[in-house]
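Data block below; observations after.
The values are calculated or read from the model by the stated rules, or taken from the named source; none is laboratory data. Quantities reported herein were computed from a predicted structural model and do not represent experimental measurements. So basically every Cβ, Gly included, is an ideal-geometry build from the backbone, and we count neighbours across all protein chains shown. The protein model used for the area step is the full one, side chains on, heavy atoms only, and it has no ligands, DNA or RNA in it. Shrake-Rupley method; radii C 1.70, N 1.55, O 1.52, S 1.80 Å.
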Amino acid sequence: MMKKKRYELPESVAVTLLTRTPLFKTSWFVERSRDEDFFLAIQFLRRLYSYLIRMQILCALVVMYVMLSPVYSELCQANCRISRVKGLRVADCFRNEITKVPQCLPGNIEVLDLSHNRLREIHRDDFSSYSSLEILYLAENIITEIDEHALEDLTSLHTLDLSWNAFFDIPSTPFSLPVLRKLLLGGIRNPKMVEDIENSAPVTSPLVHLDLTSNKLKRLPILGSVPSLELYNVTGNEKVLLNTTMFAGLCNLQHFIDSDFSAVFESPCDCYVLEQWLTARRVDFTPFNCGTRDCTNQVPTEDLETFNNCRKLHEAQQQQMQTRKLLTNCFSSKHKTNQVFSFVIFGQLNQSNTRTEEVKTEEPIVNHISTVRGVHQNNWLFYEKREDNSFRCIHSMEIIQYDQVNDDYCDCLDGTDEPGTNACPNGEFYCKKQVSVRNFSMRLPSNRVNDGICDCCDGSDEWQNRIQNYLSVKQQKAISRFLAPCPVQC
C-alpha cells in the first residue's frame, strides 16, 4: 500500500465531502462514468488540500521572518551601525550596554568600536569571525580578563585600545601581533602592570606608539630592544623611577611625552646622564631639571650593548626593506637579467677585499665645530671644543682629548669620537648633504666610509677618493650605483 503524504487529505474525508455536494446528485454526473469521475474528483480534492496547507505554512514562515528579523538583527548586532569611513568598513557599537562581543556583524569589517560598554571578559573565539580587523577599540569597559589566545587570529590588527579597563593580568598577546603599531594601555592601574609587560618580552610587534598614561606607575618597564618605537606616552604618572636601562632598547625613540609627569632618580647624576642620553638622540621630551651637571657617571656597558644591538636590528630591518624595494625595481624593469646580474656583481665587490690605488689622503680636520667630518648639523653642539681641549663621548660619557676626534682610532665605547672614519664598528657617518635621493643614504654605518662605494649622493663618504676600476661608468649607471671617485648625484 502507498503511504499517505504528510499533508494529503484522507480518502474517507474526501468521499464524504463529495457525496454531500449537489454536483454528485445531478443527472450530468450520474450519466457519466461515475466511478472514474469520482476517483478523479477525490484525487483533485486531496491535492488541493495539500497545496493549501503548504501555502499556509509558507505564508506563516514569511510572516514570522518579516516580523522577527528586525528583532533578531537588533539583538544580534546590538544596534551597531555599519558604515564605510575613509574606505574602511566600520562597525560602530559605541555605548550600547553590550555585555558580550556581537557575533553577527559582517565578517569583513576592518574597524570595530566596542568602547564604553559593559564587557567583562574576552573569550577565545570572540574575534575569530573578524580576521580582517585592523583597528579595535575596547576602551572604557569593565574587562577583567582576556583569554591568552583571544587576539591571535587578528593578524591584520595595527591599532588596539585596551585603556581604562580592570585587567587582573595585562595580556601578553598584543606584544607579539605581527603588524600592531599602536597599543593603548592607559588608565588600567594594575599594580603588576610593569612586571606583566616585562614578562611579555621580547616584544616582536613593530610598535610605533605605546601609551601608558595615568597608570600610577612606580617605574617604567624595561622593554628590551624595540627599534620601531617612536612615541612613548607616560602622561599622568607621578614619582616614576627612571634610568638609562629603561631607554637603552628604544634606539629610534623620537617623542617621550611626559606632561603632568614627575620622575625620581637614584642620584642627581643619574638624572643628568639620562637627560644627556635623550638629548644626544634628539628625543623630544621635557627636561628633568636635574640641578647638577658636574657628574662623571658613565652609561652602564650593558645599556650601551643593548642600544647597539637595537641599532643593528633596526638597520637590518631597514636594509631588508631596501633590498626588497631594489629587487622589486630590478624585476619590474625592461632589462631584468642585466640589472640583476650587475646587482650580483656589485654585491660581490662590496664584500670582497679589493686592491685600491690611493690618490689623495686628507688629514682629519678637528679645528672647528662646523668642519668635523661625518657629523650631522644637529649634533654639532656635542663636538664643540672645550676650554680644556677635551671631548666627552656622547653616549658612553668618557672624556678624551679633542685631538683624538677623527684620528682613525676608536677611543669611545659608543664610537662617537670617529664620525668621519671607519675606525669604530658601531660608529655613524652623516653625509654632508642631507637630502633624500633614490639609491643613496643620508646616514650610514661608519664601516662604509672609504670602502670605494658611493653611499652619499654627494660622495662625501669617499673622501679619500680611492679609485675602483671594476665597473665601467656605463655599468655603474645601469645599476644606479657608483664607485669612487664619486660623481655628485644631488
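For segment 78-88, name all the residues that are in contact (Cβ under 8 Å) with a residue 24 or more places away in the chain and either open to solvent by 70 Å² or more (accessible area, probe 1.4 Å) or among the acidic types (Asp, Glu) (or both). Within segment 78-88, Ile82, Val85 meet the criteria. Among all positions in segment 133-140, there is at least one residue which is among the hydroxyl-bearing types (Ser, Thr, Tyr) and either open to solvent by 60 Å² or more (accessible area, probe 1.4 Å) or farther than 20 Å from Pro171 by Cα (or both).
Given the structure, is Thr292 within 17 Å of Glu398 (Cα to Cα) and either modelled with pLDDT under 90 or open to solvent by 70 Å² or more (accessible area, probe 1.4 Å) (or both)?
So Thr292 fails the test.
When we screen Lys312, Lys334 for residues that are modelled with pLDDT of 85 or more and either of a type in the set (Lys, Arg) or farther than 18 Å from Phe247 by Cβ (or both), the only hit is Lys312. Applying a threshold of 6 Å to beta carbon distances and a minimum spacing of six or more residues, or different chains, the list of pairs starting in segment 182-199 at a residue that is outside any helix (DSSP H, G or I) and ending at one that is among the small types (Gly, Ala, Ser) reads Leu184/Ser163; Gly186/Ser163; Gly186/Ser214; Gly187/Ser163; Gly187/Ser214. Of everything in segment 275-289 that is polar (S, T, N, Q) and free of Cβ contacts under 8 Å to residues at least 60 places away in the same chain, the residue that is surrounded by the most Cβ atoms within 10 Å (Cβ to Cβ) is Thr279.
Within segment 429-451, can you find the residues that are touching a strand residue (DSSP E or B) at 6+ places or on another chain (Cβ under 6 Å) and surrounded by 18 or more Cβ atoms within 10 Å (Cβ to Cβ)?
Within segment 429-451, Phe429, Tyr430, Leu444, Ser446, Val449 meet the criteria.
The residues listed here are Ser156, Ser205; of these, the one that is in a loop (DSSP other than H, G, I, E, B) and buried (at least 21 other Cβ atoms within 10 Å of the Cβ) is Ser205. Got at least one residue in segment 337-355 being modelled with pLDDT of 90 or more, in a loop (DSSP other than H, G, I, E, B) and surrounded by 11 or more Cβ atoms within 10 Å (Cβ to Cβ)? Looking for residues that are modelled with pLDDT of 90 or more, in a loop (DSSP other than H, G, I, E, B) and surrounded by 11 or more Cβ atoms within 10 Å (Cβ to Cβ), one finds none in segment 337-355, hence no. Tallying residues that are in contact with a strand residue (DSSP E or B) (Cβ under 9 Å, 6 or more places away or on another chain), modelled with pLDDT of 85 or more and assigned to a loop (DSSP other than H, G, I, E, B) within segment 394-414 yields 3.
Looking at Glu148, Glu121, Glu97, just one residue is surrounded by 14 or more Cβ atoms within 10 Å (Cβ to Cβ) and charged (D, E, K, R), and that residue is Glu121. Selection of segment 382-398 for residues being over 34 Å from the mean Cα position of the chain (by Cα) and closer than 18 Å to Thr279 by Cα yields Tyr383, Glu384, Phe391, Arg392, Glu398.
Residues in segment 299-308 that are buried (at least 17 other Cβ atoms within 10 Å of the Cβ) and not aliphatic (A, V, I, L, M): Asp303, Thr306, Phe307, Asn308.
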